[in-house]
1. On the basis of being closer than 24 Å to residue 467 by Cα, open to solvent by 40 Å² or more (accessible area, probe 1.4 Å) and hydroxyl-bearing (Ser, Thr, Tyr), does residue 396 make the cut?
2. Mind checking which pairs have a first residue in the range 380-406 that is touching a residue at least 12 places away in the same chain (Cβ under 8 Å) and a second that is open to solvent by 20 Å² or more (accessible area, probe 1.4 Å) and acidic (Asp, Glu), Cβ under 8 Å, 6 or more apart or different chains?
3. Check the range 413-432 and report whether any residue there is more than 15 Å from residue 394 (Cα to Cα), among the charged types (D, E, K, R) and either surrounded by 19 or more Cβ atoms within 10 Å (Cβ to Cβ) or touching a Leu at 6+ places or on another chain (Cβ under 7 Å) (or both).
4. Go through the range 415-452 and report how many residues are in a helix (DSSP H, G or I) and either farther than 23 Å from residue 289 by Cα or without any contact (Cβ under 8 Å) to a residue 40 or more places away in the chain (or both).
5. Only residues that are small (Gly, Ala, Ser), open to solvent by less than 60 Å² (accessible area, probe 1.4 Å), more than 14 Å from residue 552 (Cβ to Cβ) and not in a strand (DSSP E or B): list them for the range 57-88, please.
6. Name every residue in the range 196-245 that is within 30 Å of residue 381 (Cα to Cα), in a helix (DSSP H, G or I) and open to solvent by 10 Å² or more (accessible area, probe 1.4 Å), in order of residue number.
7. Which residues, taken from the range 172-195, are open to solvent by less than 20 Å² (accessible area, probe 1.4 Å) and within 16 Å of residue 143 (Cα to Cα)?
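The values are calculated or read from the model by the stated rules, or taken from the named source; none is laboratory data. Keep in mind the model is a prediction, meaning the values are calculated, not measured. No Cβ is skipped: glycine too gets one built from the backbone with ideal geometry, and neighbour counts run over all protein chains shown. SASA here: full protein model, heavy atoms, side chains in, ligands and nucleic acids out. Shrake-Rupley method; radii C 1.70, N 1.55, O 1.52, S 1.80 Å.
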Amino acid sequence: MPRCRVSSRLLRRVGSLHLAGLAILVAARAGIAQQPPTEVFDLVLVGGSVIDGTGNPWFRADVGIRDGRIVAVGALGAAKTGRRLDISGRFVVPGFIDIHSHADEGLDTEGAAGTSGARRRAAPNLVSQGVTTVVVNQDGRSAWPIAEQRAKLERLRFGPNTALMVGHNSIRAIALGDEFRRPATQAETDRMREMVRQAMREGAYGLSAGLEYVPGRWSTTEEVLALVEEAGRAGGVYIVHERSSGQDPMWYWPSHDPPGPPTMLHTILEDIEIAERTGVTTVATHIKARGADFWGSGRALIQLIERARARGVPIWADHYPYNTTGSDGNTILIPGWFIRQVSGEEEPSQTDFASALRDALADRDLGADLRKDIAHEIRRRGGPDNLIVFEYPDSSAIGQSLAALASASGLDAVEMAIRLQLDGFARRPGGTRIRGFSLSEIDVEAFAARPWVATASDAGIALPGDGPVHARYYGTFPRKISRYAVERGALRLEDAIRSATSLPAQILGIKDRGLVREGLQADLVVLDLATLRDRATFFEPHQHASGVDYVLINGELVVDRGELTYSLPGWILTPDVNARARTVEEGTGPRR
């Protein structure tokens, strides 16, 4: 961290009088008014450096907070305050806005103060890494109606500020009922448009979609475009989970489905088309190039997006800085169609999958289909070298790759996957728990460096004892900064901060957060770059990040000296309805 070392040498070289003058000069050059010492603050952060979220270089300044807002940024050492925190050697940055979060799956947990429910609503794994705002109801899934969800959350109280999306899959399921494996009719599309209008009136920030999932998988571009247009009329955005994240979607099996399923390239082209035809801000969420045969394709995705942006298309993306997907890391190499076929209506734990697989392999045609699809799943999960065993009856297999186990057994990768089911946990699909590292660092780093890619966790709320979760639940934002900016230099430190703060605020149209600026809400994080690390691992994921010393949400400390306070100061954020009205009135809304 050369900048920090240079700064330390400078401070040792100058006297205290010179230092005070230098702070005033730097603040003045940054356009920061000096605060009269007579003003009283609730809290002052003194002695630190500010990275304001714009992408501009850091500068020395104190930050004064009163009534939940930032009221002064400048030389405030002599100011009167209820509490003064000396943060010398550390950085003050805006609170992180997690533009793709599944925290809604825990924010609605019942329980009074002091209970496990209230602790879960504090979202400790998220706020401990600096997240102060979460954008929820992602991948096309949301509660309905939005007004009821909002009312419940406001009654319960919660940790991070929360912005609500409305889910395409959820409203599609209501509009089409059980007959959803087809395109929507015009009448059904009109009903969905009315539901989007209702959600936007009730405070949604826009439409989320999960086009790889049921029932959105059967939607057409025209159906989605009509709903995005409706959200855009009210100033909303569109956040879309891909139809495919690699060479094919997760529902695709070569033995059962015809060739030619959509790839991630088709996904991005559809996103661009929707953004271009509607004029609605569109986010290709958790952008990735999954599967060993698709690695390196991130550059093609980047080229498509940057060519579109160059001609004015409002398309953006977000990503998490890890080379593995899947919330719980349970990659099952036995094809899903077979698992569903043999378990039927039963709970999977009631089915002997080992016996069922042994019987199926005795059928030549069925066995051939199974082997074809297992080979396909191995490829799209990163190849045998990148499939790691995390749970298995034989403990000597834990931590080893499928490739290593196959080599030691004298088998090929497909036969080893079959052996894991036959000799493993008989009533667990796949016989084991495997995590596939299906992404390449080449692509992850390329996405991290783009100025139109926001940082997002794709994580829910977790507490110790919840079982396996992805490391991103605890470490996304510190990892992006420490690994990709400080250590690898894939992007500037200031740009890594921007990707988590003012960039998602800009995308969503949030005006009062995302910057360290006078008059904005005091959503702030104090980072120690010397110790900032994501400590969560895939064997021990429930570990909070280090180097996040203080986190404030609406001026209240939710992390104090590195310790969680479990406070619940969050607000439901609602869009600026006046700005929405102006957008439509001025004719700058969506267009066909």
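1. Criteria met by residue 396.
2. Matching pairs, first to second residue: 380/293; 393/423; 394/423; 401/385; 402/385; 403/385; 406/412; 406/415.
3. Looking only at the range 413-432, we keep the residues that are more than 15 Å from residue 394 (Cα to Cα), and these are 413-415, 418, 427, 429.
Next cut, among the charged types (D, E, K, R) only: 415, 427.
Remaining after also requiring either surrounded by 19 or more Cβ atoms within 10 Å (Cβ to Cβ) or touching a Leu at 6+ places or on another chain (Cβ under 7 Å) (or both): none.
Among the residues of the range 413-432, not one is more than 15 Å from residue 394 (Cα to Cα), among the charged types (D, E, K, R) and either surrounded by 19 or more Cβ atoms within 10 Å (Cβ to Cβ) or touching a Leu at 6+ places or on another chain (Cβ under 7 Å) (or both), which makes the answer no.
4. Adding up the residues that qualify gives 9.
5. Selection gives 61, 75, 77, 79.
6. If the condition is that a residue be within 30 Å of residue 381 (Cα to Cα), in a helix (DSSP H, G or I) and open to solvent by 10 Å² or more (accessible area, probe 1.4 Å), then 217, 218, 221 are the ones that fit.
7. At the first step, the residues of the range 172-195 found to be open to solvent by less than 20 Å² (accessible area, probe 1.4 Å) are 172, 175-176, 189, 192, 195.
Matches in the range 172-195: 172, 175, 192, 195.
Residue by residue, here is whether (1) at negative phi; (2) among the aromatic types (Phe, Trp, Tyr); (3) in contact with a His (Cβ under 9 Å, 6 or more places away or on another chain); (4) not in a helix (DSSP H, G or I) holds:
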residue	(1), (2), (3), (4)
307	yes, no, no, no
318	yes, no, yes, yes
338	yes, yes, no, no
341	yes, no, no, no
